[in-house]
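The values are calculated or read from the model by the stated rules, or taken from the named source; none is laboratory data. Keep in mind that what you see is a predicted model, and the values were worked out from it rather than measured. Cβ placement follows ideal geometry from the backbone for every residue including glycine, while neighbour counts extend to all protein chains displayed.
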Amino acid sequence: MSTTTLELTKTVSTTASRDFSKAIQKEVEDCNKKYDAIKVNIFPHDYLISTSSQCFYEHLVTNASPFAIVCRVRATSATFFRIANNSFVLQPGEGCQLVIERLPRPIKSHRITIEVIPYIPQPSQNSLDNLHYLFESHPFPRHFHVRYHQLPTWHSTSQRMSQRREIAAAEYPKLVEVLRKTGILSQRDASLSLNQLNLMEMAISNDTGEKFK
């Protein structure tokens, strides 16, 4: 092979390599732009859990992106939640009613994560039944969250007292100590009334009640 031919081959190879690198870089940039443009609205995105019984929660998930997306739904605990439709495709402006079943379990805060990537149909894809494999080539999907909150301690106590009107003083030894020092509660009282707790709550401006225990 002549020197001229070798030089020409190197030039073509270098040019092809440079073009390939540019194509990869453009693909990455386009992908990043698409990820930045992903917008999903979830309503409601926040719930207070007030019972340990079985519950069903509904969330409207809407694609506010200018292109189609695929969503995958995951829960913090599979023993607490069941999700019937945990992967789905949404066209621009389209919405999906997501139904979350919370199994009978102790009240505890949890989170549902909706992973989102741009939807690009694959030639081998002939069904929308299983979309999880699309995430294999997208290791860093966008995350959107639905949060289920445990009621704050003070809120729970108020709920109990609104039903019973009073609660055992022994449950709040620190609070009882303060109430007795201030004369609001006598040494002989074995229970707290809702009014007494309200007085202290307003005085201390405490939301949680945890420091009272």
Legend entry - Wholly within the stretch 94-213, helices (runs of 4 or more DSSP H) carrying at least 1 residues that are modelled with pLDDT of 75 or more: 173-182
Inset, instruction - From the list Ser53, Ser65, pick out the single residue that is surrounded by 15 or more Cβ atoms within 10 Å (Cβ to Cβ), outside any strand (DSSP E or B) and over 16 Å from the mean Cα position of the chain (by Cα). - result: Ser65
Inset, instruction - Residue by residue through the stretch 73-109, note down the ones that are among the polar types (S, T, N, Q), more than 16 Å from Glu58 (Cβ to Cβ) and loosely packed, with under 13 Cβ neighbours inside 10 Å. - result: Ser77, Thr79, Gln91, Ser109
Legend entry - Some residue of the stretch 80-92 being among the hydroxyl-bearing types (Ser, Thr, Tyr) and either under 13 Å from the mean Cα position of the chain (by Cα) or part of a loop (DSSP other than H, G, I, E, B) (or both): no
Legend entry - Close pairs from the stretch 26-45: first in the same structural domain as Asn63 (by TED's automatic domain parsing) and more than 19 Å from Ile114 (Cα to Cα), partner at pLDDT 90 or above and surrounded by 11 or more Cβ atoms within 10 Å (Cβ to Cβ), Cβ under 7 Å, at least 6 apart: none
